[in-house]
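To start, the structure itself, in structure tokens.
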Amino acid sequence: MRFYHPELDVLRFFAFLIVFLHHAFPHEPSFWTKLGVPWVLAGLLAGIGATGAFGVSLFFVLSSYLITELLLREKDLIGTLDVRSFYIRRMLRIWPLYFAFLALAVVLQWIAPGQHVTWRAGLWFSLLAGNWFIVFHGFPSSVIFPLWSVSIEEQFYITWPTVVRRVTETGLLICAGLLLATASLARVYLGHMHAGESDVWCNTFVQLDPIALGILLAVLLKGEVPRLSKLARGATLIAGVTGLVLGSLYFGIKDDPITTTRIVLGYPSIAIGGTLVLLAVLHNGGGKSNRILVYLGRISYGLYVFHVLGLLISDYSVHDQTASLLRYTLRVLVALAATIAMAAISYRWLETPFLGLKERFAHVLSRPGG
């Protein structure tokens, strides 16, 4: 039997979209007012840009929830976990596009000015530890930098199936609690050491909250979905978005200089916010999801990987971007269109052959097409 919720593909697309807007929208209202945007709307656009970073946190919640749910279903079905097949499935899903894009980025540095992948950066990202490269050496001057979050997910995938195979559901709840405690202790330490924003943001231990909450969700729901009224879903969604906004605009966890209080409270705020958004969206199949949005969610991995390259293409395609609001809007639309085109091509011609092979190693099938 296939475990698949198309509404989560839609949520994947919106998680990508706000990350895209984070990189496409300047975070200062003054930028927008200079283009003639009214002050209130300028503040809203700047706020969307700042808050969009937390689409990454939403991806973490989604991934940990789905992976834990699939692992628990497999464990119930066959009595144990086929860890080897799990690793093969993850490699077939992640590695083809990941390493193809790394190779593309290396070539791009001889084509596009300002693009540079050092041997050290290439090595760390090739070892799926790109986030730790950023922690120790800063962001690379390359379109590969968003892959830091893929590194964190891969690190989770390496360790988690062995844990699920060995412990009970109660043990998984304890593990999730330990992850939450580890994240808090890491932030206290980094705050005390006056670490920089990127040192905190890209640190695996700091980002354990959304992963832990996704695990808790999968274990506590026991394969079911929350039975919420439309009013309750709406309220849950608003509360979730509020948690994300608080992390950005009130706690300012991505603003230097960081403080211990801001990051200790702010990161749980965005993790809880992302979890509430997931809860609000998850349903039992009673509603229909828009086919276009489902497809865009299905290719969201490629959308995320290619979006900074899409913005780079738009920088070369649209001149005098800040001359008017119309030209800047055109820049954003060109970048989004280029990103969708590259992701669609990648999904059809690069990823799909591996996704078909991936299902041969699955005991519990997930979404069609992988």
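The values are calculated or read from the model by the stated rules, or taken from the named source; none is laboratory data. Quick caveat: nothing in here was measured; it's all calculated off a predicted structure. In this analysis, Cβ positions are derived from the backbone assuming ideal geometry, glycine residues included, and neighbour counts consider all displayed protein chains. We work out accessible area using only protein heavy atoms, side chains counted, and drop any ligands, DNA or RNA first. Shrake-Rupley method; radii C 1.70, N 1.55, O 1.52, S 1.80 Å.
Before moving on, here are some points about what is shown:
- Residues being among the hydrophobic types (A, V, I, L, M, F, W, C) and more than 22 Å from Leu237 (Cβ to Cβ) are represented in segment 284-300 by at least one member.
- Enumeration of residues in segment 257-280 that are modelled with pLDDT of 95 or more and of a type in the set (A, V, I, L, M, F, W, C): Ile263, Val264, Leu265, Ile270, Ala271, Ile272, Leu276, Val277, Leu278, Leu279, Ala280
- Identity of the residue in segment 36-62, open to solvent by less than 20 Å² (accessible area, probe 1.4 Å) and small (Gly, Ala, Ser), that ends up nearest to Pro210 (Cα to Cα): Ser57
- One residue alone among Tyr316, Tyr304, Tyr295 is within 30 Å of Gly177 (Cβ to Cβ) and not charged (D, E, K, R), and that residue is Tyr304.
- When Val225, Val219 are checked against the criterion of being outside any helix (DSSP H, G or I), over 16 Å from Leu265 (Cα atoms) and hydrophobic (A, V, I, L, M, F, W, C), Val225 stands alone in meeting it.
- Applying the criterion of being buried (at least 20 other Cβ atoms within 10 Å of the Cβ) and among the aromatic types (Phe, Trp, Tyr) to the residues of segment 300-341, the residue that is farthest from Pro113 (Cα to Cα) is Tyr301.
- Number of positions in segment 189-207 that are part of a helix (DSSP H, G or I), open to solvent by 20 Å² or more (accessible area, probe 1.4 Å) and touching a residue at least 24 places away in the same chain (Cβ under 8 Å): 5
- For segment 152-169, a residue qualifies if it is of a type in the set (Lys, Arg) and out of contact with any Leu (no Cβ under 6 Å at 6 or more places or on another chain), and exactly one does: Arg166.
- Count - residues of segment 7-35 that are of a type in the set (Gly, Ala, Ser) and either modelled with pLDDT under 95 or surrounded by 18 or more Cβ atoms within 10 Å (Cβ to Cβ) (or both): 2
- Note on segment 351-370: residues that are in contact (Cβ under 8 Å) with a residue 24 or more places away in the chain, assigned to a helix (DSSP H, G or I) and over 21 Å from the mean Cα position of the chain (by Cα) total 4.
- In segment 158-188, of all residues being touching a residue at least 60 places away in the same chain (Cβ under 8 Å), within 14 Å of Leu208 (Cβ to Cβ) and not hydrophobic (A, V, I, L, M, F, W, C), the one that is least open to solvent (accessible area, probe 1.4 Å) corresponds to Arg187.
- Helices (runs of 4 or more DSSP H) contained in segment 236-334 and holding at least 3 residues more than 17 Å from the chain's Cα centre (by Cα), more than 21 Å from Ser64 (Cα to Cα) and among the hydrophobic types (A, V, I, L, M, F, W, C): 260-281, 300-317
- Of the set (1) outside any helix (DSSP H, G or I); (2) loosely packed, with under 13 Cβ neighbours inside 10 Å; (3) without any contact (Cβ under 8 Å) to a residue 40 or more places away in the chain, all apply to Pro140 but (2).
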